[in-house]
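Let me begin by presenting the structure, written as C-alpha cells, before commenting on it.
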Amino acid sequence: QLLKYFTFLSKEEIEEIEKEMEENPKERKAQKVLARELTKMVHGEKELKKVERISELLFYGKVKELKEEEIKEALFDVPTKKISIGKEITILDLLKEGGVVSSKSEAKRLIQQKGINVNEELVEDKEKKFSKKDALHGKYFVIRKGKKNYFLVELEN
C-alpha cells in the first residue's frame, strides 16, 4: 500500500513488486524499493547512489574500500572515540581505550570467541598490535564486536 501513496511508480511496477513479494517475502523487495524511492525523492539521485555504495561496502565486509569522507558518513550513528597512540597499540588497549569493551578481560574473552573484527579482519591473537599504518586512511579503525555492533576509533594526530 505504501508504494501507491509514497512513490511515483506505475500501477504495473507496483503489481510486479507485489508479485515478487508473494513469491519471495524474505527478500523484502517492497521495503527496499520504498526506501530507495523515498531517499531519491528527499535527497536526490546523487545522494541515493552514495548511500547505496556505502551500504553495499558496509554490509559485504568491504570497509577498506570506503573513502575517508565516507567513513564518518557511513558510521555517523555508531559510538566513536578519539584516542592517541604512540608507535603502536595492543588490541586489548585499542578495544578498552576505544570504548568497545569495559575491561581487558572482556576483550580477551571476545577475541577468544572470535567476536572482534578490526577493519573487517578477524582478530584471533590477543597480543596483536596495531600502528597508524594499519588504520584506514592512517586514522580510523572500524571495529565490529559480535555480528552487529560497530565502533569507530579515530586516531588523534
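Each value in this text was obtained by applying a stated rule to the coordinates, not by laboratory testing. The model shown is predicted, which means the values in this text are computed figures rather than measured ones. FYI the Cβ positions are ideal-geometry reconstructions off the backbone, even for glycines, and counts take in every protein chain you see.
Distance between the pseudo-spin-label points of His137 and Phe59 (7 Å out from Cα toward the beta carbon): 2.3 nm. Along the stretch 73-87 the Karplus relation, 6.51 cos²θ - 1.76 cosθ + 1.60 evaluated at θ = phi - 60°, assigns HN-Hα couplings of 5, 5, 10, 4, 10, 9, x, 10, 9, 9, 10, 10, 10, x, 5 Hz to successive residues, with x for each Gly and Pro.
Between the Cα long axis of helix 11-23 and the first principal axis of the chain there is an angle of about 60°, rounded to the nearest 10.
Distance between the C-alpha centres of the stretch 60-80 and the stretch 12-28: 31 Å, rounded to the whole angstrom.
Calculate how steeply helix 29-43 sits against the longest principal axis of the alpha-carbon atoms of the chain, using the helix alpha-carbon long axis, and give the answer as 0 to 90 degrees to the nearest 10. Tilt relative to the chain: about 80 degrees.
What is the order of Ser102, Ser131, fewest Cβ neighbours within 10 Å to most? The partial results should precede the final answer.
Working: Ser102 10, Ser131 13.
Fewest-to-most ranking of Ser102, Ser131: Ser102, Ser131.
When percent of Cα pairs over 25 Å apart is computed from the coordinates, the matching label among [x] 55; [y] 44; [z] 36 is [y].
In terms of its C-alpha gyration tensor, the stretch 62-123 comes out prolate, because a/c is 1.5 or above and the ratio a/b outweighs b/c. For Lys19, the aspartates and glutamates whose Cα falls under 19 Å of its own Cα, not counting residues fewer than eight places away in the same chain, are Glu27, Glu37.
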